[in-house]
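Reading through the structure tokens given below for one structure.
The values are calculated or read from the model by the stated rules, or taken from the named source; none is laboratory data. As the structure is a prediction and not an experimental result, all values here were calculated from the model. Ideal geometry is used to build each Cβ from the backbone, glycine not excepted, and the neighbour counts take in all protein chains shown. For the accessible areas, the whole protein counts, side chains as well, though only heavy atoms, and no ligand, DNA or RNA atoms are used. Shrake-Rupley method; radii C 1.70, N 1.55, O 1.52, S 1.80 Å.
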Amino acid sequence: MPSYKLIYFDGRGRGEIARLLFAAGGIKYKDHRIPPTAEAWGEFKPKTPMGQLPVLEVDGTMICQSKAIARLIAKDIGMAGKTPVEQARADMICDSVEDLGNKLMFMFTEKDENKKEEKKKEFLEKTLPPTLDLFEKLASAEGYFVGNSLTWADVNFFAFFGFVNGFFPGDHLKGYVNLNKVMGNVSSNPGIEKWLKERPESTF
């Protein structure tokens with residue numbers, strides 16, 4: 001088994017899907033957290049492959065990009081998809097989640113509070129519902145996006161919605177039967193269930 005070291009800020013963000021997958025697979029790793037300060041990040045940034053986090057060290061080799069990291073872990077724990085087509089479908093779901101996540105960037109880039117509220121309203125009322133309608137059709141009645149067992153696509157969706165609920169508390173999945181089953185399947189995975197109970201509290 002390789003030696004893993006996950007390096008990310010002291011928060012969930014883009015590093016949490018890796019932590020969830022490690023938990024699901026029962027994989028031991030070093031969870032190295034950098035304080036989210038300009039000084040701490042400025043000191044570590046030159047050491048990264050592309051000047052960004054998260055970074056996963058695999059036997060000392062650095063891998064960056066959160067999806068590349070998650071995909072690697074998913075392959076190691078058998079949650080990438082059982083066939084090339086299943087793997088492509090999992091990638092499709094994860095890319096779609098990424099597209100939706102990019103539409104949330106205004107939370108970090110918009111300085112005008114009035115404009116931020118307008119964009120928040122637009123996201124919750126016009127962007128999120130039709131996208132969830134599509135995800136609902138892609139999820140099975142058993143609560144899986146791919147095949148008949150948990151994959152990193154399900155975990156990625158779960159991690160993203162943890163992020164959404166953190167910024168916009170509410171029952172955004174009300175009425176989405178299949179998506180609620182996806183969330184339940186992920187949270188009831190023994191390793192993930194344990195991690196959710198024990199993980200550190202964070203502001204993001």
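What is the projected area of the convex hull of the Cα atoms of region 107-173, averaged over all directions, in nm²?
About 5.1 nm², averaged over all directions.
For every helix of n ≥ 4 consecutive DSSP H residues, a contribution of -39,500 (n - 2.57) applies; sum these over the chain, divide by its total residues, and give [θ] at 222 nm rounded to the nearest 500 deg cm²/dmol.
Taking each H run of at least 4 residues, the total per residue is -16000 deg cm²/dmol.
If r is the Cβ-Cβ distance from K30 to F204 and R0 is 22 Å, what FRET efficiency results, to the nearest 0.05? Let's see the in-between values first.
Details: r = 21 Å, r/R0 = 0.96.
That gives a FRET efficiency of 0.55.
For the chain, what is the Kirkwood hydrodynamic radius in Å, using each pair of distinct C-alpha atoms?
17.8
With only alpha-carbon pairs counted, each pair once and no self-pairs, how large is the Kirkwood hydrodynamic radius of region 2-115 in angstroms?
Working: mean 1/r = 0.0646 Å⁻¹.
Evaluated over region 2-115, this radius sits at 15.5 Å.
From the P(r) of region 163-204, could you give the percentage of C-alpha pairs in the tail past 18 Å? Mind showing how you got there, number by number?
Numbers: 356 of 861 pairs.
Cα-Cα pairs of region 163-204 separated by over 18 Å account for 41 percent.
With label points built 7 Å along Cα→Cβ from the Cα atoms of A38 and T61, find their separation and express it in nm.
It is 3.7 nm.
Tell me the net charge near L104. Cut-off is 10 Å between Cβ atoms, L104 excluded, with +1 for each Lys or Arg and -1 for each Asp or Glu. Intermediate values should be presented prior to the final figure.
On the way: positive: K103, K119, K120; negative: none.
My count for the surroundings of L104 gives +3.
Given springs between every Cα pair under 10 Å in a Gaussian network model of the chain, which of I93, I63, I34 has the largest fluctuation?
Among I93, I63, I34, the largest GNM mean-square fluctuation belongs to I34.
Going by a ≥ b ≥ c, the root eigenvalues of the Cα gyration tensor, does region 129-204 fall in the rounded group (a/c under 1.5), the prolate group (a/b larger than b/c) or the oblate group?
oblate
What percentage of the solvent-accessible surface of the chain, computed with a 1.4 Å probe over protein heavy atoms, is contributed by carbon and sulfur atoms?
After summing per-atom areas, the C and S share lands at 53 percent.
In the structure shown, do any of K67/K111; K28/K197; K67/K197; K28/K75 have a Cα-Cα gap over 20 Å, and if so which?
K67/K111; K67/K197
In Å², what does the accessible area per residue of region 76-164 work out to with a 1.4 Å probe? Please report the intermediate quantities before stating the final value.
Numbers: 4690 Å² over 89 residues.
It amounts to 53 Å² per residue over region 76-164.
If you take the beta carbon distance between T83 and D112 as r and set R0 to 41 Å, what does 1/(1 + (r/R0)^6) give as a FRET efficiency, to the nearest 0.05?
About 0.30, to the nearest 0.05.
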